[in-house]
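Student: Structure incoming, see below.
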Amino acid sequence: MGVSAKEYVEKVIEKVKAKNPGEKEFVQAVEEVLTSLTPFIAENPQYIQQNILERIVEPERQIIFRVPWEDDNGNIQVNRGFRVEFNGVIGPYKGGLRFHPSVALDSMKFLAFEQTFKNSLTGLPIGGGKGGSDFNSTDKSDREIKRFCESFMTELYRHIGPDKDVPAGDIGVSGREIGYLFGHYRRIKGAYENGVLTGKNQNYGGSKIRPEATGYGVTYFIQEMLKDMGESIEGKTVAISGYGNVAWGAAKKMAELGAKVVTISGSKGYVYDPDGIKGKKVDYMLEVRGNKDVSLKDFAEKFNLEYFEGKKPWERKVDIVVPCAIQNEILLEDAQKIVKNGVKIVCEGANMPCSAEAIELFEKHGIGFGAAKAANAGGVAVSALEMSQNSLRYQWSEEEVDSKLHDIMKDIYKKSKEMSVQYNVSLAKGANIAGFKKVADTMLMQGNY
């Protein structure tokens, strides 16, 4: 008698824990995805026979390199660079670059693993990857950032390409950094391969609405969740965390659709706006994000709003919660407040912002939960659309890109919902099954070992 699906999943998880000691985030992501696949694996024994899970949790390539750069005082500093090319069976590796002190191999592996299934869900031909450095740009001059980016690309360039691996921006990597990275890549390669990076300025091949795309996509996903509840997004109150691209895009689109975003936050506290963050307030989020001398406290003072030092926005009574900052920002105690406040939907804008215990509590209390790999796929979807435009040497209008993004997010929701109904699991688990199926089937078709 062969091994059961449950036994097989547990065996693979134990192997992952043994082979990746101390990598808590990667193990957390693997455990969350694999356990959710159990009912699907049970009905499809070919995945057990071909040992697909043990193959799919192992990155195809992990690249670690040093990044020496000169500061403004003439001293040589050294950071560590990473690129994890996790799975490329459905297209070039695709995923962001993150410059942040927290960057380590663990976080890059977890993000690249998640990216693999997220990219699969978009229906576009892109594999999964992630990279970055433990470089902290917040206290660096523009010249220092430029020198760091050039040093980083001096090593990274040999591992990437329009048909090989296409990085984008992420935390700490905005249009400025992408510009410095691409400029140095072009000089090294002696060719204008602008499809090698996405999130570019529109002057040299960037797509319209790319900065807003993740936030727009989350909003469209929430719309589909509400439709299934027989409700509209208009008039709903929303608590958002963060104030970067994702939070900004979500606040912008939600205000446009008639919802009221009442919070944005940083690592040290949050702003509360009972009238809703819209218009000039949304525009000023760009100033807070782009100017290191402007803080959320300044945002609150400018618009005569309350700022709550040392607190999270999850204490607010709202209809919808959208964490847009960083992984594991909603823990069990935060989830308990969210449940107590009668929230209808929690939808992840960031990557894995909710702990497993928090998600379990939401599902136990019947709160609609949109998982990151489905809900926040709008950013990578428009990145892939940017790659298409670069290949065509053409630029679509804002309306065309937004329409394509809307269709992609509706399709992601539909696929996730169909799998959740077919296997009698949550929407988040349905997304895992849908994303996994395409990658796993393609691996078997290509005979990947």
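Student: Kindly check whether there is at least one residue in the stretch 229-242 that is among the hydroxyl-bearing types (Ser, Thr, Tyr) and either open to solvent by less than 10 Å² (accessible area, probe 1.4 Å) or at pLDDT below 95 (or both).
Tutor: Yes, some residue in the stretch 229-242 is among the hydroxyl-bearing types (Ser, Thr, Tyr) and either open to solvent by less than 10 Å² (accessible area, probe 1.4 Å) or at pLDDT below 95 (or both).
Student: Given the structure, is SER120 open to solvent by less than 30 Å² (accessible area, probe 1.4 Å) and among the hydroxyl-bearing types (Ser, Thr, Tyr)?
Tutor: Here the answer is yes, as SER120 does meet what is asked.
Student: With respect to PRO21, is the statement that it is open to solvent by less than 20 Å² (accessible area, probe 1.4 Å), part of a loop (DSSP other than H, G, I, E, B) and not aliphatic (A, V, I, L, M) true?
Tutor: In short, no.
Student: Can you tell me which residue is most open to solvent (accessible area, probe 1.4 Å) among those in the stretch 243-262 that are of a type in the set (D, E, K, R) and touching a residue at least 40 places away in the same chain (Cβ under 8 Å)?
Tutor: Among those residues, the one meeting the criterion is LYS252.
Student: Can you list the helices (runs of 4 or more DSSP H) lying wholly within the stretch 97-191 that have 1 or more residues being at pLDDT below 95?
Tutor: 105-121, 175-189
Student: Let me ask something additional. Exactly one condition in (1) open to solvent by 40 Å² or more (accessible area, probe 1.4 Å); (2) over 16 Å from the mean Cα position of the chain (by Cα) is not met by ILE326; state its number.
Tutor: The single condition ILE326 does not satisfy is (2).
Student: How about the stretch 340-353: which of its residues are among the hydrophobic types (A, V, I, L, M, F, W, C) and either over 15 Å from LEU427 (Cα atoms) or open to solvent by 10 Å² or more (accessible area, probe 1.4 Å) (or both)?
Tutor: Answer for the stretch 340-353, where residues must be among the hydrophobic types (A, V, I, L, M, F, W, C) and either over 15 Å from LEU427 (Cα atoms) or open to solvent by 10 Å² or more (accessible area, probe 1.4 Å) (or both): VAL343, ALA350, MET352.
Student: Going through the stretch 46-68 one residue at a time, which ones are assigned to a helix (DSSP H, G or I) and under 23 Å from ILE160 (Cβ atoms)?
Tutor: Passing the criteria: only ILE56.
Student: Let me ask you something else. For the stretch 367-390, indicate whether the set of residues that are farther than 24 Å from THR122 by Cβ and at pLDDT 95 or above is non-empty.
Tutor: Among the residues of the stretch 367-390, at least one is farther than 24 Å from THR122 by Cβ and at pLDDT 95 or above, which makes the answer yes.
Student: Over 20 Å from ILE171 (Cβ atoms), open to solvent by less than 80 Å² (accessible area, probe 1.4 Å) and assigned by the TED database to the domain that holds GLY172: does that describe GLY81?
Tutor: No.
Student: List the pairs whose first member sits in the stretch 320-336 and is outside the structural domain of PHE110 (by the TED database), whose second member is among the aromatic types (Phe, Trp, Tyr), and whose Cβ atoms are under 7 Å apart, counting only residues at least 6 apart or on separate chains?
Tutor: Pairs found: VAL321/TRP314; ILE330/TRP314; ASP334/TRP314; ALA335/PHE362.
The values are calculated or read from the model by the stated rules, or taken from the named source; none is laboratory data. Please read these numbers as outputs of a predicted model, since none were measured by experiment. Neighbour counts run over all protein chains shown; Cβ positions are idealised from the backbone, glycine included. Please note that ligands, DNA and RNA were not included when accessible areas were found on the heavy atoms of the full protein model with its side chains. Shrake-Rupley method; radii C 1.70, N 1.55, O 1.52, S 1.80 Å.
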